[in-house]
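What follows draws every value from the coordinates through simple rules; no lab data is involved. These numbers come from a predicted model, not from an experiment. Heads up, the Cβs are rebuilt from the backbone with ideal geometry, glycines too, and the neighbour counts pull from every protein chain shown.
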Amino acid sequence: MNDAPSPEALVRSVLLEHGRLTRDALTLDADADLYQAGMNSHASVNVMLALEAAFAVEFPDHMLTRSVFRSIQSIGDAVSLLSTTSSVQ
Amino acid sequence: MTAGEPTPAPQPVFFGPVGAALFGWLHRPADGGNADFGLVICNPFGFEEVCAHRSLRHLACAAAAAGIAVLRFDYAGCGNSSGDESQPRMLKRWIDSVHEAIDTLEHATGLSRVCLLGLRLGATLAALAAEQRSDIAGLVAIAPVVSGRAWLRELRLLSGVPGAADGSLESAGFMLSGETCNALDGVDLRRLERAPAQRVLIVERDDLPIGDAWPTALIRLDADVRCERWPGYAAMVADPQRAQVPHAIVDGVLRCLAHWREAAPPHARETLVGAASTLSVVDGTRVREAALWLDAGDTRLFGVLTAPQGCHGPRHAVVMLNAGSVHHIGPNRLWVRLARQWAARGAVVLRLDIAGIGDSPPPRAGADNVVYPTHATRDVAAALAFLQREFEPGELHLLGLCSGAYHALKAAVGNPAVTSALVINPLTFFWKEGMTLNVDLQDADTLQMTARYRRSLWRGETWRRLLHCRLDFKTIGRAVARRAWDALRYRGRDLARLLHIATRDDLAAELNAAAERGTRIAFVFASGDPGHKLLELQGGRAVKRLTDQCRLSIDLIDGADHTFTRAETRERLVAVIERLLFTPASQPANGRAPAQPPLRSASGVRGAQL
């Protein structure tokens, strides 16, 4: 049995620790706007750094935009894409 | 240090090359300056510096109180120092600035044992400078930027948009040219060829791990490395109004410096640094800048005066006020640029820190970092009186953003000497003692929240969440109820005005009083900033009437945020405020003819025409 957290759970736990959200990252809608939920630009930088450490990926420059970090869904999509790319390489 | 002897007040200094002077603060220890051990503090860059400014001032004061001579300073193109971000070879200029600061501290205090302390990019610059010399007794690196490339990636995300075609980067209101980004991209402290100092203290950030690659590399270079993770980093670099002094880091660093001090023998001698003024050429005009102190009540106010050389009786004198807790460089360093630009046009400009903000100490019984203090009007009056006394200008103007806009407005309403107030993005018009930033900017917050709810009504997601009972009904209900109550209040006030019934906190009465006296109030708002709506609601019909009479103006700037962090919106702001400031008082600054003649001519009251 695999006890490793799902990618979405990992994203949520990073947001819980670094996102400075005013709402609970564990129950927030996957497509809710994180910036409206209290995450500011500085927190988003910490989220990015923590995600890179958690998933062992590096967001390329063109993905360092607000739209990528806007929701749990968009972050999950980006991480999934990067994980696939890095595993192919 | 002699027990009980007070530490001298920090001394502002200009130093470095003629025409490219650097600005700094010399903190002499209590024994009259005969320190045998010194510390040069290297700032972080950009908005991180703005956030940490107060904490680094506290750290410098604490070190001086412990008997250490300290110089904290602005790099070339930063803070109050000469130049701007567009200059070439900026990374080299910054490293050269560190060398200048080390040499200046050694000459100023006669000491020969200097340590460097740097925060974020400051730690990087300190390490790069120290690698090039052999006289650094120790390096304290707080949350160092180990990889320039990684740091640039952080800034890119902070900027929120893809990079520009020329490689330049604009992040949180501060620019890095493409060339500077390229140079920083190649910086990697793990590749230093020699240790920056024999002793290195690395204070890790308390919110994220930074890895052990740099400490390992330093140990390989035979440095004596100590790593600590004292709490306080994240709170230190929070927004300036909320940033907290990291006392655990300050105490830990001082303990470490005391240990290093015991380990190295002293060689002291005494010399002096120059006066706190400098001369430079801006747009072909010789402009002088001077750091000065003004008396205000039981405290002193710090300011930087910028004026054309040999200036007497200028037409314009301007006082620029703190934007929130941002020190006297202004939002995104805009005040520095404007002061120099306007001095080149003949104006005298004073960039002021009100008591308890930036580099002005708080009043004896007051706290520091309070952005709406009751003494602000007194502080502004002291600055206005100074300019009147020293320069006898034809016109006196006030410029402020956010809380600075509030203080500019209040000072203009209460002080007949003021010709005009340029009031940018105020968030409140009646601040009461005891209110707090978090919960009491309620009028503005309520407007923003209800506007957001209105927009949400058109989104399917809102209705989905409503159906699943996942909306915060309590918060929404509270905001809507408060908005309704506010609307009733404002209507009631309009009615009272019609019936000539005086009410408390009447914005219309304040605006009318200023207009009657001939003082021009010029509001500038980023479109959508809540202050605009508040002005219309709280000012009522008076706002439209005074605007039609060209005795009050409102300019809106589309696409801008509250502090104009994007350069493109800042340029449009500059165009607007220069038009407002340099338009003759007899002409409407909004370019419109008055709908009806003013009750009293502004030019007749002021008597000063361009």
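Annotations
- When DSSP beta bridges are restricted to pairs lying wholly in the protein assembly as shown, around 40% turn out antiparallel.
- The mean number of partner chain beta-carbon atoms within 10 angstrom of a residue's beta-carbon across peptide A:59-71 is 3.
- Shielding value for B:151-159 is 6, the average number of Cβ atoms from other chains within 10 Å of each residue's Cβ.
- Computed from the C-beta positions of residue B:488 and residue B:150, the FRET efficiency with R₀ = 41 Å rounds to 0.15.
- For the protein assembly as shown: rounded, prolate or oblate by the Cα gyration tensor [a/c cutoff 1.5]: oblate
- Mean separation of Cα contacts under 8 Å (6+ apart) over length of segment B:1-150, as relative contact order %: 25
- Look at the Cα gyration tensor of segment B:182-228: its axes a ≥ b ≥ c give a/c of at least 1.5 with a/b at or below b/c, and that counts as oblate.
- Prolate/oblate/rounded call for segment B:218-350, Cα gyration tensor, a/c under 1.5 rounded: prolate
- Label-point separation, residue B:247 to residue B:166 (7 Å along Cα→Cβ), nm: 4.8
- Contact order relative to length of segment B:121-211, as percent, for alpha carbon pairs under 8 angstrom and 6 or more apart: 42
- Antiparallel bridges, percent of DSSP beta bridges restricted to segment B:12-136 (to nearest 5): 40
- Taking amide H as placed 1.01 Å from N in the peptide plane, the amide H of residue B:188 sits under 5 Å from that of B:148, each at least 5 places away or on another chain.
- Fraction of antiparallel bridges per DSSP, segment B:278-436 only, in percent to nearest 5: 60
- Radius 11 Å from Cβ of residue B:314, net charge of other residues (Lys, Arg +1; Asp, Glu -1): -1
- Between A:34, A:51, A:16, the Gaussian network model of chain A with springs among Cα atoms under 10 angstrom shows the greatest mean-square fluctuation at A:16.
- Under 9 Å, Cβ to Cβ, from residue B:23 - net charge with Lys/Arg +1 and Asp/Glu -1: -2
- The lysine pair count for the protein assembly as shown, using Cα distances under 28 Å and pairs eight or more places apart or on different chains, is 8.
- Model label points for residue B:135 and residue B:221, set 7 angstrom from Cα along the Cα-to-Cβ axis, are 2.0 nm apart.
- Dipole of segment B:72-140, positive end: most advanced residue of B:122, B:112, B:77 [Cβ charges, Cα centre]: B:122
- Spacing of the modelled spin labels on residue B:556 and residue B:516, each 7 Å from Cα toward Cβ, amounts to 3.1 nm.
- FRET efficiency, 1/(1 + (r/R0)^6) with R0 35 Å, evaluated for residue A:26 and residue B:378 via beta carbons: 0.10
- Here residue A:77 and residue A:56 are evaluated by their C-beta separation; at R0 = 22 Å the FRET efficiency comes out at 0.80.
- Using θ = phi - 60° in the Karplus curve 6.51 cos²θ - 1.76 cosθ + 1.60, the 3J(HN,Hα) couplings for segment B:191-199 round to 10, 4, 8, 9, 5, x, 7, 5, 10 Hz; x is entered for Gly and Pro.
- Restricting segment B:186-221 to trypsin sites (Lys or Arg not before Pro) that sit in a DSSP loop and have at most 13 other Cβ atoms within 10 Å of their own Cβ leaves B:194.
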